[in-house]
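Written out below as structure tokens is the structure these notes cover.
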Ligand code: BGC
């Protein structure tokens, strides 16, 4: 085996070099385009250069500059470099953000997106994708919710598996992240601490990472946060005891970017050497964007503080990955920009991105304005997102860098193409800046009054979510809200097309605007998808995988909370009561529940019934329900099964999603949807920290959203 042979030939320094991953820029001594000298942020010396085993930076792998070839040719190291990169919702062809795509409730689509993104990444000589990002999230203030698939352990696990499968199908390795519980950062503020009991960690947060590992994820990335006051990157209990020993993970653990050295500002390690010592002893193989390993691991081995066998094992893991991906034979898969260009942005990729954008959209509210008739004579497109390409999302990898003209259509361009005979008036009216407080909307109001229908294109800019973009105010900026007020008052035939990277608090918009269609940040084909949805060429079918709060003060808010001893029944009954677990100035229930999403048609649920009212371990109960399309157009519905364990040795959630089925029904068509209920589905981390079920009372629930279910009691004997 090449990797093993190669390992034997390496010196300790060379092995350690394989455990170091700087940005590609750190290796560039001169700007590839201008030739100007470049400063290396990490200070890697010319002597150290040939030791480096991998890079994180698209600039050096970009087919346009051929820089990877440059490195292969110029580095004198024995082991070829491998390039890794974030591929979150697309590479060149940009798909909707993950929080949007999850709303399709179609893991197959996530797989398709990852496959295509993987193929495109490969075309840039990136052979490891830093995804799936599978952190479970509950707090819309956190900017990174856009990268995740939401608040539910089942959905997250399925989407994580699909992502791994898609990357693998493309021949690209997958790196699940961020281990662990990064989505629980306090106050929704990025990089903040995480405090969590072991039961909740195992019950809700760990399953999606585990599912990705079980699906064959090649790597896992540590998270920036502390967990119960120990930085994840130096947390031996998480990395060694749980990940390696309990789960049997033998792949590569990579630190998040700079996370090893960040143990110093955390106040956990006194210097880089101690940080390296913690990370190595937690079995973190790869040090991303720091020189802690490069500069200190050798000394730590010589002093006996880190076992040399760790370096051997870590290096072998990396060499094996390189061998598996063919890097040891040929690190450069695409030699020229021409080769790269042929492999990206294929028409079928853009078509897939369009389908994904259509299936991600969630119709939050509809009082008749949508779909628009294509017979209308005059449409006003109003708002800062009416005619901009900046609706791609924040993790755009190469994004538009290699696009020719016209690849992206703005909403205006797409609507114009869809209704060529219609007069379209476009008024941006204000900017998307968070501090835009424009109040004079005379032009927009005049256009609205004069139009048969108005589409308000408003929301959150793509730069206002993702890493480092936490927000305390998650409503519409003042200017855009005032615009909505004036436009909705001017023309009642107004629909809002909402662009966002997180759930927004939009109670007022909900109250004044008859129809609201959430597009998220829909990617390359988002404009076209929006036009097709607006005119009913496709029927919205997305369902939320993250709760939309009414007010930011409700965060964290999620459907599978446990109940207090003084419930105000706020999740189900819309009432404020004192001396219960409520707020005196806001309801406890959300604006839009988990699982919510409307359609241009209507679905009626009847005859829900359980096959029996008790079961033993080994039995299967069937919950069936009749679903009928009572409207006049075809539509898709996600039928959802929830279960509540009524009494447990620990307090159990109000409900937990246990399964779902997405069905397509023609007008007037009905079908019976059946869900199997087994004892395995009733297991949880019990009071004694064993995983299993407990006999007793349960309630199965079926319906169209977390708040729209019928209840069916049964007993596990
Ligand atoms: C992010 C990771 C990402 C890494 C490399 C970090 O700042 O937290 O998600 O993979 O950068 O780009």
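Results, tabulated for the structure shown:
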item	result
Principal-axis tilt of helix 107-123 within the chain, Cα atoms, nearest 10 degrees	40
Theoretical gain in end-to-end length, residue 566 to residue 229 [0.36 nm per residue, Cα-Cα removed]	118.2 nm
Largest to smallest principal axis extent of the C-alpha atoms in segment 601-717, angstrom	53, 23, 17
Value at 222 nm in deg cm²/dmol, rounded to 500, when DSSP H runs of n ≥ 4 in the chain each add -39,500 (n - 2.57)	-7500 deg cm²/dmol
Residue 236 paired with residue 302, simple spin-label distance in nm, labels 7 Å along Cα-to-beta-carbon	2.4
FRET efficiency for residue 341 and residue 2, using Cβ-Cβ distance with R0 set to 35 Å, rounded to 0.05	0.65
Highest average packing first - 377-385, 394-402, Cβ atoms within 10 Å	377-385, 394-402
Stretch gain in nm, segment residue 628-residue 612, where the contour uses 0.36 nm per residue and the Cα spacing is subtracted	3.4 nm
Reciprocal mean inverse distance between Cα atoms of segment 514-556 - Kirkwood radius, Å	12.4
Estimated FRET transfer efficiency when R0 is 30 angstrom, pair residue 647-residue 186 (beta carbons, to 0.05)	0.45
Gain on full stretching of the segment that runs from residue 390 to residue 367 - 0.36 nm per residue minus C-alpha separation	5.4 nm
Span per principal axis, largest first, for the Cα atoms of segment 142-208 (Å)	37, 24, 16
Folded to 0 to 90 degrees: helix 272-281 orientation relative to the chain principal axis, Cα	80
Separation in nanometres of the label points that stand 7 Å from Cα toward Cβ, at residue 34 and residue 711	6.7
Residue exposure sequence - 266, 124, 85, 510 - by fewest surrounding Cβ within 10 Å	510, 266, 85, 124
Cα long-axis angle, helix 292-302 against the chain (0 to 90 degrees, to the nearest 10)	50
Alpha-carbon Debye profile of the chain, log10 I(q)/I(0) at 0.10, 0.12 Å⁻¹	-1.00, -1.35
Burial ordering of 141, 418, 502, fewest other beta-carbon atoms within 10 Å first	418, 141, 502
Burial ranking of peptide ranges 128-134, 39-45 (average Cβ count within 10 Å, highest at the top)	128-134, 39-45
R0 of 30 Å, Cβ-Cβ distance residue 680-residue 604: FRET efficiency to nearest 0.05	0.45
Order of 89, 464 under a 10 Å beta carbon neighbour criterion, fewest first	464, 89
Point-to-point label distance, residue 329-residue 195, nm (Cα→Cβ direction, 7 Å offset)	5.5
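Values in this text are rule-based calculations from the coordinates and carry no lab data. Just so you know, these numbers come straight off a predicted model, no measurement behind them. Note: ideal-geometry Cβ built from the backbone for every residue, glycine included; neighbour counts use all protein chains shown.
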